[in-house]
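A quick write-up on the structure given underneath.
Values in this text are rule-based calculations from the coordinates and carry no lab data. All values reported here derive from a predicted model rather than from experimental measurement. Note that we place each Cβ from the backbone using ideal geometry, even for glycine, and neighbour counts take in every protein chain shown.
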Amino acid sequence: MAFHRVFKRVLIHKYHTLPLLDTNELVLKGVPYEGTAAGRDYMEWVSIRQQARNKFFSPRERIEGRALPSISLYDDILAHCMARWLLVDYKLNAYPYFDLNIMTVYTDLHQSLRFSRLMLNYFEQTVPEELYQRINCFLVPLHSNTSVTVSVPDTKITAVQDGLLSFQPSIRIEDPIYIMMVNDVLRHLSQDYVRKSAHGDWEQRFVDFLPNGERYERFSKEIDYRCNVTLKTLKPALEASGISETYIPSRLVHFFTLLQQCAPEHKILALDAARREPSSLSSIISSWFRSNDNRFQAFEPNGPTDPLSLEDATSFTSKFSEVRKIYASVHDGSKICQSQGLSDFAESWLDLEETERILGAKDLELRASWMRDAELDVLYN
């Protein structure tokens, strides 16, 4: 497999005219005595700082008193479902010309390592030795963490130190590869907050750091690159909706763009907390962004009302139908995704008898029912 590092910036873009501090600089140096950060970078830094109090990027169990879905009660069953999907898709589309390459992007190392091992155990028990030797697993953190060295003794799992959203993304994958995200990435991709001024111009929220240690929120019509790209992607729907202020998924657009640049032959298999589609016909045929409170309802924030709070992390629950539209837009329609509830995905890929045999366990039906009832959606292409 061609999995190598390229020591150059993958994306070249126009910088903001202001000396903005990005997430990585805040992680390395902390809050400065003076400077400015885009709202999404500040929000992201707060989340990383909060999570780092326990262990590297361990997702919080509760945010603002609301529990986000966890897979811990049925991760072994879920791992087998996803492994079956991967195996069937690989045999149909890449075997025998390419290896089965799986890159797991993570924020929770423990969960992702366990999940990779569960899948490898499944493959070892179900596929011929020749095929098993062609399976390669890679663990890639969402953000770099210089204070943590990840060492994995498994010969079939390679831990990459550089985060996908690091200063200079150094990963280039030329062969077909599956990008996995299991309940700990999409929710942690930060967003910009934008609003329309009295003159009809869009403005972006920034955070200013002052020499006296205070922080102030302000809005500016001088929009930075990441936010501007996202606004252009969503502008037709935003304008049609008539809303005046909203969160927009800048880091999600950035993330999908990086995947396009770093792994052009990728396929996605991702799972995370989902916002359910409205049931009434009138709601279904209404605008993408129709809302009573002028918020972008495709992505619901879970976190502090005050974005300057240093104690509370923010996550986002996504409507996967909108994530699919954004993914297709980033790829100019050349790549598209599907999505479905975890219950429907499990209906197609669950084989309790086989899983019980491999795990040496019995009576897994109860835990399988918990998986079916989870408010999680699966994104794949």
Burial-style ranking of 267-273, 35-41, average other-beta-carbon count within 10 Å with highest first, yields 35-41, 267-273
For the stretch 77-205, with only Lys/Arg (+1) and Asp/Glu (-1) charged at the beta-carbon, what is the dipole magnitude about the Cα centre, in debye rounded to 20?
320
Using Cα-Cα distances under 8 Å and only pairs 6 or more residues apart, what relative contact order does the stretch 85-144 have, in percent?
51
Compute and list, largest first, the equivalent-ellipsoid semi-axes of the stretch 190-275 from the alpha carbon gyration tensor, each √(5λ) rounded to a whole angstrom.
27, 19, 13
